[in-house]
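Colleague: I am attaching a structure below and will ask some questions about it afterwards.
The values are calculated or read from the model by the stated rules, or taken from the named source; none is laboratory data. Keep in mind it's a predicted model, so treat the numbers as computed, not measured. Here Cβ is always computed from backbone atoms with ideal geometry, including for glycine, and neighbour counts include all displayed protein chains. These area figures cover heavy atoms from the full protein model, side chains too; ligands, DNA and RNA do not enter into them. Shrake-Rupley method; radii C 1.70, N 1.55, O 1.52, S 1.80 Å.
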Amino acid sequence: MKRERDTYRIREYAVILLFVVITVICLAESWRILQTQLEVNSPGTLPMVLSVVMAVCIIGAFVGVPKRLPENAEQYESKRRLAADAVREEFPINVVGTIAVTVLYLFSLKFFLYVPATIVYLLLNMLFLSRKQLGKKRLLTIAAVAVIVTAFVYVVFGILFQVTLP
Amino acid sequence: MEMLSNAAIMFQQPALILYVAAGVWIGMYVGAIPGLTGTMAASLLISFTYSWDILPALAVMIGVHVGCAYGGSRAAILINIPGAPCAIATAFDGYPLAKKGMAAKAISVTVIQSVIGGLIACVIMLLATPAISTMALKFASRDYFLMATLGLMLVATLGGASFSKSVFSAALGLLIGCVGMDPTLGIKRFTFGNTYLMSGIGFVVAMIGLFGFAEALMQAKDIDVTAVVKQKIDKLKPDFKEVKRYFPLTLQSSLLGAVIGALPGTGGDIAALFAYDFAKRRTKNPEVPFGEGAIEGLVAPEAANNATVPAAYIPMLTLGIPGDGYAAIIIGAMYIHGLNPGPTLMATNPEIVGICAGGLVLANILLLLAGYTGIKTFAKIVEIPKSILMPIIMVLCIIGSFALNRSMVDVALMVGFGVMGYLMRRHDFPVGPMILGIILCELFEWNLRRALSLSHSNIGEFVAGIFSSPISIILFLALVLSLLAKTPLPHRIRSVLAGKSSKGARANEQ
């Protein structure tokens, strides 16, 4: 928790930078749209106004980042270590792993049917998130839940509610 | 009278009663499980109910809304972790009561108070909605535009997050709503050559990502943190003598909850905390001190947070502005079913207001039954580890976003919105204004451009028009006040007034 506070500013600036990039793209695109019809009541007016509002607000958010670190903050001598810690705290292994498994699942749906792909996805994701508490009982629970949930979703949504499954 | 007969529709069809009951039951458990939120459940529900008829879809969503508002209190009492933000205040006295072996009494009080609070707010909703609707029918395009701006501003300013970050989110939401073909001239906007984006980004996809998938990622991040402390509970029994005794506090808290709930951007959490504070000030000599298991500390927040639910439907149905995040999703569901929540709803589909009110009354009555039963099953469900629950939520998010258009692009967009929502939540960029921006974009732009056309594309004439109509003037002043409230000005005025009054008091003493 303490380290998370130490790297707060760098993470906050990184996210603001991401939104600055989005704002710049919006400004450029809004300008292009505005050029198609240069008048007050044109398709580009609202996007342009909104992009400018976003630009002003993101500057406000930048100015609002606390300039001082907490008093007991760790002093980083290596900038690389600071950046590495910031990335680790912004995207902890649980989050990165979950996103990675989900992306794999989405790709697997192109090649496999819903039922096997979902059982494997649930198994992998649950095993990954439970890796610190894995025991025989938990393993059995995970296997059972993966199968039951997949079957339940298939029957209730796919058959009963006629929802198209991937 | 007509509204009452419309409200009775919900009670006349057994299938609708079952849908509401199922919704209440699901909502109660979703609200109780820490990490699962009502908005997350609603964003998933909308993707599964979009092909249903409007009445069953509304019945389930209303049931879930009422169930969620109550459900959070159970986890707050039993494990000291509020299942939903609106149950934070309930944990202050609920958990101490449970530790004394009085969990059953605490749960019993919360059930009955939630139901009474909800029913009082239903009456307020039935009385206020037609009056506000009649006024809203006189709205011109300019007023719709001002109303949408005001709604966005209120959601952005009342949420408590940084003003600049909130407005940024709202503006980004509106821009996302602009993606696709321009509605009047067919000019491509923000499509970047992608044919898929020409039809725009569906707000349901954004909703599932920002509320559902992002929440699951947030929970995955803190998966090892939660510690569950189990409590033993006996049979639940309602105590009507106690209900009578605390009724004045129930009534006051419900009214407070209804007023706060009707303000766009607020919600059950703010109402419950306000009511708790109010009860603390009002109760001079509680039998048990507040924070150690005071019954008043349960009565006030529970009555208030459930009263916010029907109240949130007042601005949603009459003005098209949601009272809370859940109401924003119901607006989306109504749009999908071809309804237009807002001033014209009373003219085009007047029955919907009565049906919503009937659904809310029915959901509160059913909550009374659901709240007093299934306590052992409940204890088991609350204990499901997040590491098992979150992957299931993610699968539902993926299926829900795919089901809309049978498109994997939607699923990819949903995951993208999920990661974006995760980053936004981590850095206090509220996602509520963004969702509202996406939903309101069409209403916002259409009316702005119509009002500009009527003003001959002349900004001066457009501004002058605002000062020519009383409704526009009121909306404009409300907008200015909501902006001024975020500046240091009110603070300065208050400190100047406080300074003057203390000087006056000193002069009187001398």
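Colleague: Does B:LYS376 meet the test of being assigned to a helix (DSSP H, G or I), over 28 Å from B:PHE417 (Cβ atoms), modelled with pLDDT under 85 and within 14 Å of chain A (Cβ to nearest Cβ)?
Modeller: no
Colleague: Would you be able to tell me the number of residues in segment A:130-166 that are aliphatic (A, V, I, L, M) and either on the phi > 0 side of the Ramachandran plot or at the interface with chain B (Cβ under 8 Å from one of its Cβ atoms) (or both)?
Modeller: So the count comes out to 6.
Colleague: Answer yes if at least one residue in segment B:44-51 is within 14 Å of chain A (Cβ to nearest Cβ) and out of contact with any helix residue (DSSP H, G or I) (no Cβ under 8 Å at 6 or more places or on another chain), and no otherwise.
Modeller: yes
Colleague: Sticking with this structure for a sec: Just to be sure before I move on: is B:ILE388 surrounded by fewer than 22 Cβ atoms within 10 Å (Cβ to Cβ), touching a Lys or Arg at 6+ places or on another chain (Cβ under 9 Å) and assigned to a helix (DSSP H, G or I) in the structure I sent? Steps first, answer last, please.
Modeller: Numbers: surrounded by fewer than 22 Cβ atoms within 10 Å (Cβ to Cβ): yes; touching a Lys or Arg at 6+ places or on another chain (Cβ under 9 Å): yes; assigned to a helix (DSSP H, G or I): yes.
Judged against the criteria, B:ILE388 is a match.
Colleague: Residues in segment B:176-193: is at least one over 23 Å from B:GLY421 (Cβ atoms), more than 10 Å from chain A (Cβ to nearest Cβ) and surrounded by fewer than 16 Cβ atoms within 10 Å (Cβ to Cβ)?
Modeller: yes
Colleague: Consider B:ILE116 carefully, then state whether it is within 20 Å of the chain's Cα centre (by Cα), open to solvent by 10 Å² or more (accessible area, probe 1.4 Å) and over 30 Å from B:ASN447 (Cα atoms).
Modeller: yes
Colleague: Right, something else. Please work out if B:ILE132 is within 19 Å of the chain's Cα centre (by Cα) and surrounded by fewer than 24 Cβ atoms within 10 Å (Cβ to Cβ). It would help to see each step written out before you state the result.
Modeller: Details: within 19 Å of the chain's Cα centre (by Cα): no; surrounded by fewer than 24 Cβ atoms within 10 Å (Cβ to Cβ): yes.
Judged against the criteria, B:ILE132 is not a match.
Colleague: Given the residues B:SER455, B:SER482, B:SER468, which is the only one that is away from chain A (no Cβ under 11 Å), farther than 30 Å from A:SER108 by Cβ and open to solvent by less than 20 Å² (accessible area, probe 1.4 Å)? Steps first, answer last, please.
Modeller: Values: B:SER455 fails: away from chain A (no Cβ under 11 Å); B:SER468 fails: open to solvent by less than 20 Å² (accessible area, probe 1.4 Å).
Step by step, each of B:SER455, B:SER482, B:SER468 is checked, and only B:SER482 is away from chain A (no Cβ under 11 Å), farther than 30 Å from A:SER108 by Cβ and open to solvent by less than 20 Å² (accessible area, probe 1.4 Å).
Colleague: Do we find a residue being surrounded by fewer than 22 Cβ atoms within 10 Å (Cβ to Cβ) and within 9 Å of chain A (Cβ to nearest Cβ) anywhere in segment B:436-443?
Modeller: no
Colleague: Are there any pairs, at least 6 apart or on different chains, whose C-beta atoms fall under 9 Å, with the first in segment B:93-109 and more than 14 Å from B:ILE375 (Cα to Cα) and of a type in the set (Val, Ile, Thr) and the second crowded, with 22+ Cβ neighbours inside 10 Å and modelled with pLDDT under 85, and if so, which?
Modeller: none
Colleague: Right, here's the next one. State all residues of segment B:8-33 that are modelled with pLDDT under 90 and open to solvent by less than 10 Å² (accessible area, probe 1.4 Å); if no residue qualifies, say none.
Modeller: If the condition is that a residue be modelled with pLDDT under 90 and open to solvent by less than 10 Å² (accessible area, probe 1.4 Å), then B:MET10, B:GLY27, B:MET28, B:GLY31, B:ALA32 are the ones that fit.
Colleague: Turning to a different aspect of this structure: Based on this model, can you work out whether B:CYS68 counts as closer than 21 Å to B:LEU396 by Cβ, assigned to a helix (DSSP H, G or I) and either small (Gly, Ala, Ser) or within 15 Å of the chain's Cα centre (by Cα) (or both)?
Modeller: Yes: the conditions hold for B:CYS68.
Colleague: With the checklist (1) surrounded by fewer than 24 Cβ atoms within 10 Å (Cβ to Cβ); (2) charged (D, E, K, R); (3) touching a Phe, Trp or Tyr at 6+ places or on another chain (Cβ under 9 Å) in hand, flag the one item B:LYS105 doesn't pass.
Modeller: It is condition (3) that B:LYS105 fails.
Colleague: Another question, then. Kindly establish whether B:PHE476 is more than 14 Å from every other protein chain (Cβ to nearest Cβ), in a helix (DSSP H, G or I), surrounded by 13 or more Cβ atoms within 10 Å (Cβ to Cβ) and touching a helix residue (DSSP H, G or I) at 6+ places or on another chain (Cβ under 7 Å).
Modeller: In short, yes.
Colleague: Another one. Mind listing whichever residues of segment A:20-50 are part of a helix (DSSP H, G or I), surrounded by 17 or more Cβ atoms within 10 Å (Cβ to Cβ) and within 7 Å of another protein chain (Cβ to nearest Cβ)?
Modeller: Selection gives A:CYS26, A:GLU29, A:ILE33, A:LEU46, A:PRO47, A:LEU50.
Colleague: Any idea how many residues of segment B:400-419 are surrounded by 20 or more Cβ atoms within 10 Å (Cβ to Cβ) and without any contact (Cβ under 8 Å) to a residue 24 or more places away in the chain?
Modeller: Looking only at that region, the number is 2.
Colleague: Got a number for residues in segment B:408-421 being more than 10 Å from every other protein chain (Cβ to nearest Cβ) and small (Gly, Ala, Ser)?
Modeller: Residues that pass the stated criteria total 2.
Colleague: Going residue by residue through segment B:141-162, is there one that turns out to be at the interface with chain A (Cβ under 9 Å from one of its Cβ atoms), open to solvent by less than 20 Å² (accessible area, probe 1.4 Å) and of a type outside the set (Lys, Arg)?
Modeller: No: segment B:141-162 contains no residue that is at the interface with chain A (Cβ under 9 Å from one of its Cβ atoms), open to solvent by less than 20 Å² (accessible area, probe 1.4 Å) and of a type outside the set (Lys, Arg).
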